[in-house]
1. Six or more apart or on different chains, Cβ under 9 Å: which pairs go from a residue in the stretch 436-448 that's surrounded by 15 or more Cβ atoms within 10 Å (Cβ to Cβ) to one that's among the charged types (D, E, K, R) and in a helix (DSSP H, G or I)? Could you list them?
2. Limited to the stretch 449-465, what total is found for residues that are buried (at least 20 other Cβ atoms within 10 Å of the Cβ) and of a type outside the set (A, V, I, L, M, F, W, C)?
3. Condition (residue is assigned to a helix (DSSP H, G or I) and free of Cβ contacts under 8 Å to residues at least 24 places away in the same chain) applied to the stretch 194-204: is it met by at least one residue?
4. Taking the criterion of being outside the structural domain of E512 (by TED's automatic domain parsing), in a helix (DSSP H, G or I), in contact with a Leu (Cβ under 6 Å, 6 or more places away or on another chain) and modelled with pLDDT under 90, would at least one residue in the stretch 469-486 satisfy it?
5. Suppose the filter is buried (at least 16 other Cβ atoms within 10 Å of the Cβ), of a type in the set (S, T, Y) and in a strand (DSSP E or B); does S392 pass it?
6. Looking only at helices (runs of 4 or more DSSP H) that lie completely in the stretch 1-118, which have at least 3 residues being under 47 Å from the mean Cα position of the chain (by Cα) and at pLDDT 80 or above?
7. Could you tell me whether the stretch 220-234 includes any residue that is within 22 Å of A295 (Cα to Cα), in contact (Cβ under 8 Å) with a residue 40 or more places away in the chain and of a type in the set (F, W, Y)?
Amino acid sequence: MPANAATANDDVRPEKEPPQSHGSAWRDRLHALRNVPPVLRVVWDSGPSVVFWNIATRIVVAFLPVAIGIIARYIIDGVNRIRMHKALPQHFWWLVIAEMGLAVIAGMLARTVDYLDNLLADRYTHHVSVEVMRQAAALDVTVYEDPVFYDRLERARVQATDRLAMIQQMGRLIQQTVTAIAFSAILVKYSPLLLFLLVAGVVPAFLGESHFAFLTYAKNFGQTTRRRQMDYLRQVGGSKEAAKELKLFRLSGYLTDRFTQLSHGIYKENVALNRRRLFWGGLLSVLSELGYYGAYALSIFRTIRGQYTIGDLTLITTAIMQAMSNIQQAFSTASGVADQALFLTDLLAFFEMKPRVESKPNALRVPRPIRRGFEFRNVSFSYPGAERRVLSNFNFTLAPGERVALIGENGQGKTTVVKLITRLYDPTEGQILLDGVDLRDYSLEDLHGEIGVIFQDFMRYEMTARENIAVGRIEIPHGPEEIEYAANKSLASGVIRKLEQGYDQMLGRRFEGGVDLSGGEWQKMALARAYLRDAQLLILDEPTAALDARSEFEVFERFSELTQDKMALLISHRFSTVRMADRIVVLEGGQLVEEGNHDALMALNGRYAAMFEMQASSYR
């Protein structure tokens, strides 16, 4: 693999603003129709039988108004025979019964369509939401450090569920098109001019509405970042975490003013576009009405001249009204589908993104037990889009059973080493070997299964206490005794004993009945996950940062037990913790500058000794 192949996801690139010119708008909208087939596949996958019966029912419903109109024509002509002193046609009353029966069936099928729409909406929402979650989990960690990706992800999440309207629109489009074609055929049978007048009135209105619909999409696209900023300001302005500083620093007015400024700018853009749409839409609607009444007047004129019967006039006026209505609706719905397809660009682009860090075909299983350990060989790494190397020609080894501490000032590459050894990233240059084999040759899933990590910014799962511990190895069912053992070892059991519902207590304030914990208590829950995980490599990134001195001492009394027969990589700023490691590695400028145990490094009187003395002096 080329050295720079894994440093960035090439599928994540800056978004371009949608074109604003009229010609470009139409090209973009037509181009967006290519999004429809992939979405139809997603819809079909969400519920094939529901989709089939939905379409079949809609087609039947589409023909029923035509059949009712044709029957009504014969009924009216039959009644008109009485005025001419003629007998009713044979089977006249059967026609009345048939019309009534079709109306009843149409009502029942319309409710069936609503039922199938609701069923499909639920299935689609579930299916696409699950697919978004799976795709997000499969992507590289690097993409989450790109603000462009966050904009795309935000739009994809919204598009995943907000495009229900498009799904229903496509069903209605089929129904409206079939009905419009059927009634148009009736008009053509009597006079093609009738259909021409209708279409001449509808098309300009459709083009105008479509143009403004595109401008609405372009406006919403351009407002994405500002709306994200508004969401952030709303969250900060009303969050428990920020409440103290908001009061003490008097930030409420500042945040409110920023929110108001953004909101007012969006409001002015919306009003300006809506005014233009109101003016031009009104003019085009007049043209549409002229087309309708032109066809209507022509059919009355021909009836007066005796070219059509009263039944014919009734059928023609019904066909004019229904054809006009369904042509308008079909155009409008088709325009809506095209506009919705524009909004699906980010969702489909999101689904097409591929991770760069993934397992090779026929990847190797991680050795169990690991015999030689890990080796960083001339490893360099730069974050995507950044020129500065976080690591530069970094060489480092971690042997089985060895406990190694990484220390250094912030930004020197300690956490990057963790992300590389867990293969959340791949090196920009150099190799990372496991038992002499490139880490990229191993199964990624198998590698992660052999590593237990507690990050400094560990997750606080708003779940029960039991589930908070069980996520340490969620793929394996754990009995109560295993959960309690892990809790005892991490000192989380003392926290759980204070909870009203014990291990079944909901943690966090998101859900009703939840109980929040202090930072140190949450960290004990996170440490319990490490005890639950039977991993060959244990990584602790500032594992006691939120603990008080006594709790920290108690945790590290058990540290040797936690890391027994395991490789352990420890990152900490507390030298009382670091001293317990077998070997201490000092990073500076992305390179290993010192290594050895505490006594050896103190005797060296170098960088480590200076940092140790600086920290120790604050306690004197």
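1. Matching pairs, first to second residue: none at all.
2. Residues in the stretch 449-465 being buried (at least 20 other Cβ atoms within 10 Å of the Cβ) and of a type outside the set (A, V, I, L, M, F, W, C): 2 in total.
3. Yes, some residue in the stretch 194-204 is assigned to a helix (DSSP H, G or I) and free of Cβ contacts under 8 Å to residues at least 24 places away in the same chain.
4. Within the stretch 469-486, none of the residues are outside the structural domain of E512 (by TED's automatic domain parsing), in a helix (DSSP H, G or I), in contact with a Leu (Cβ under 6 Å, 6 or more places away or on another chain) and modelled with pLDDT under 90.
5. Yes: the conditions hold for S392.
6. Correct list: 36-46, 48-83.
7. No, the conditions are met nowhere in the stretch 220-234.
Okay, residues lined up against (1) of a type in the set (A, V, I, L, M); (2) closer than 24 Å to D140 by Cα:
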residue: L347; (1), (2): yes, yes
residue: P355; (1), (2): no, yes
residue: K360; (1), (2): no, yes
residue: P367; (1), (2): no, no
residue: F381; (1), (2): no, yes
residue: I407; (1), (2): yes, no
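The values are calculated or read from the model by the stated rules, or taken from the named source; none is laboratory data. This one's a predicted model, so the numbers in the text were calculated from it and none came from an experiment. Glycine gets a Cβ as well: all are built from the backbone with ideal geometry, and neighbour counts include every protein chain shown.
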